[in-house]
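As structure tokens, the structure follows; a few thoughts come after it.
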Amino acid sequence: MNFSKFARSTTAGMIAGAVSLAALASAATAETVRLRFHTFYGTEIDPIADKFKDAVKEASDGSLRIQYFRGGELVASDQFADAVSKGTLDIVHGHGGYWSGQVDIGNIEAGLPGAWTSVEEAKAIFESEEVNSLLTEAYEEAGTVFLGKGYGHNYDLLTKEPVTSLEDLKTRKIRATSNVAKVLDYFGIPTVYLPAQELYISMSTGVIDGAIYGGPVEYEQLKLNETAKHYTYLNMLMPGWTETFLANPAKWEKLSDEHKAILEEAIAQFADDIHNWLAEGNENVAEGTFEYATLPEADSAELTVAAQTVWQEEAERSPRNKAFIDALVANAKAQGRLK
């Protein structure tokens with residue numbers, strides 16, 4: 001046997017095989033779709049994010065992968081809608097209030113005072129054909145694809161002294177966002193806006209007497225329970241905020257129907273997992289951390305009436321906004337919160 005010829009033949013075969021394997025690996029890599037997904041949450045939901053990424057990878061047999069970015073890592077949260085429309089990001093998970101200057105219905109879908117008082121009610125509103133069409137249309141005009149909603153949790157009042165009615169608040173200064181401040185102003189309740197990082201020192205020094213910021217778990221995370229113990233359910237807005245998922249149109253259209261279905265299912269589960277995590281966090285705040293009370297039903301109803309000024313301001317921004325507000329008014333009447 002000509003060993004030299006055999007060696008050359010074997011070497012050539014090995015090279016050919018290696019080239020073939022490399023080509024297959026390259027093809028597999030090329031077929032793997034990677035999506036840049038940016039949320040506004042930080043490290044606190046990392047376990048939920050890991051589950052989400054794994055679910056997408058497993059359901060697609062590895063052909064679809066999520067490149068996950070936490071809040072502030074790549075793009076500021078208030079720039080999400082612009083970034084996803086331009087293709088800087090492929091999918092974003094944010095809050096309509098972040099981009100209300102760019103998308104007319106942003107503030108409304110984020111959550112206006114008095115708009116809904118339970119998760120079930122909020123879901124019924126957003127899953128209605130009318131509201132879903134308004135959202136799809138608005139985000140399409142903004143150069144994005146509306147993928148769905150997520151739901152926050154408690155958004156109530158924490159005070160240093162007990163609260164039995166809205167009348168009690170007329171002599172106290174409450175931290176509130178602009179929309180909530182307009183509602184409280186209707187009752188002559190003094191308000192001021194402060195960022196979250198200033199709430200502890202402001203509460204402890206008496207600059208404010210209370211705050212409307214979140215639920216028990218958020219107040220505990222800020223250690224506000226060290227300065228105020230009285231948590232009052234307002235029944236003004238529950239969930240206190242909603243979350244929105246948007247995609248880049250060009251990237252979305254390039255996805256196969258199978259990949260779209262996988263993403264839609266995984267995103268819906270991701271949103272549910274976050275909501276459940278918030279709910280469990282609020283339910284599991286240690287006993288004795290806060291003293292709980294509920295605003296009288298008549299006062300809660302009055303909050304919805306007072307919120308009509310805010311609702312109508314939003315309605316005047318566009319015909320689409322008016323249609324959305326009309327849907328909220330009809331729902332509030334059906335629920336007995338408006339006459």
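Key figures
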| read-out | value |
| --- | --- |
| Residue count, region 68-85 (criterion: more than 15 Å from residue 101 (Cβ to Cβ) and part of a helix (DSSP H, G or I)) | 1 |
| Answer residue from region 62-101, given it is of a type in the set (Val, Ile, Thr) and under 16 Å from residue 45 (Cβ atoms) and is surrounded by the fewest Cβ atoms within 10 Å (Cβ to Cβ) among those | 66 |
| Positions within region 138-155 being open to solvent by 10 Å² or more (accessible area, probe 1.4 Å) and either out of contact with any strand residue (DSSP E or B) (no Cβ under 8 Å at 6 or more places or on another chain) or not polar (S, T, N, Q) (or both), in sequence order | 140, 141, 142, 143, 145, 146, 147, 148, 149, 151, 153, 155 |
| Within region 197-212, considering residues that are open to solvent by 70 Å² or more (accessible area, probe 1.4 Å) and in contact (Cβ under 8 Å) with a residue 12 or more places away in the chain, the one nearest to residue 43 (Cα to Cα) | 200 |
| Of all residues in region 100-129 being among the hydroxyl-bearing types (Ser, Thr, Tyr) and in contact (Cβ under 8 Å) with a residue 24 or more places away in the chain, the one that is farthest from residue 178 (Cα to Cα) | 128 |
| Residues (over 21 Å from residue 292 (Cα atoms), among the β-branched types (Val, Ile, Thr) and outside any loop (DSSP other than H, G, I, E, B)) located in region 181-228 | 183, 191, 192, 201 |
| Odd one out for residue 122 among (1) open to solvent by 20 Å² or more (accessible area, probe 1.4 Å); (2) under 30 Å from residue 336 (Cβ atoms); (3) at pLDDT 95 or above; (4) in contact with a strand residue (DSSP E or B) (Cβ under 9 Å, 6 or more places away or on another chain) | (1) |
| Which numbered condition residue 42 misses (of (1) buried (at least 21 other Cβ atoms within 10 Å of the Cβ); (2) of a type outside the set (Ser, Thr, Tyr); (3) under 18 Å from the mean Cα position of the chain (by Cα)) | (1) |
| Criterion violated by residue 299 - all others in (1) more than 25 Å from residue 154 (Cα to Cα); (2) over 25 Å from the mean Cα position of the chain (by Cα) satisfied | (1) |
| Residue within region 44-63 that is out of contact with any strand residue (DSSP E or B) (no Cβ under 8 Å at 6 or more places or on another chain) and at pLDDT below 95 present | yes |
| Answer from 253, 302 - the residue that is farther than 20 Å from residue 136 by Cβ and open to solvent by 30 Å² or more (accessible area, probe 1.4 Å) | 302 |
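The values are calculated or read from the model by the stated rules, or taken from the named source; none is laboratory data. None of these values were measured; they are calculated from a predicted model. Neighbour counts run over all protein chains shown; Cβ positions are idealised from the backbone, glycine included. The accessibility values were calculated without ligands, DNA or RNA, using every heavy atom of the protein model including side chains. Shrake-Rupley method; radii C 1.70, N 1.55, O 1.52, S 1.80 Å.
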